[in-house]
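The next block holds one structure in the form of structure tokens; read it before the comments.
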Amino acid sequence: MIEISAIGRDAMNIRRMRRSDIDAVLVLVNKTTEEKTRLTYRELAFDDPGGPLDLSFLAETEGQIIGFIMARLEYVYIPFVEVC
């Protein structure tokens, strides 16, 4: 398990996202974006947070999620020549 922590008053913990984090991530997205997001619980659950191909992480402090990054390893069976 990958986990990075800081020590001090403003300690922040970075860890892999888990399926149980989906609701809190959606709340954070809705609080921080002006437009209605197209991100849904179903899409996040389908990506299997914490699964073997998931590369999503989140940052938390004092038990509250304060940021996240979502990524997933995909096998597409063709060579990549460009990354977006």
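A few points about this structure:
- Condition broken by residue 48, with the remaining ones in (1) at pLDDT 85 or above; (2) surrounded by 11 or more Cβ atoms within 10 Å (Cβ to Cβ); (3) at positive phi; (4) not hydroxyl-bearing (Ser, Thr, Tyr) satisfied: (1)
- The number of residues in segment 11-30 that are at pLDDT 85 or above, over 13 Å from the mean Cα position of the chain (by Cα) and part of a helix (DSSP H, G or I) comes to 0.
The values are calculated or read from the model by the stated rules, or taken from the named source; none is laboratory data. These numbers were taken from a predicted model, which means no experiment stands behind them. No Cβ is skipped: glycine too gets one built from the backbone with ideal geometry, and neighbour counts run over all protein chains shown.
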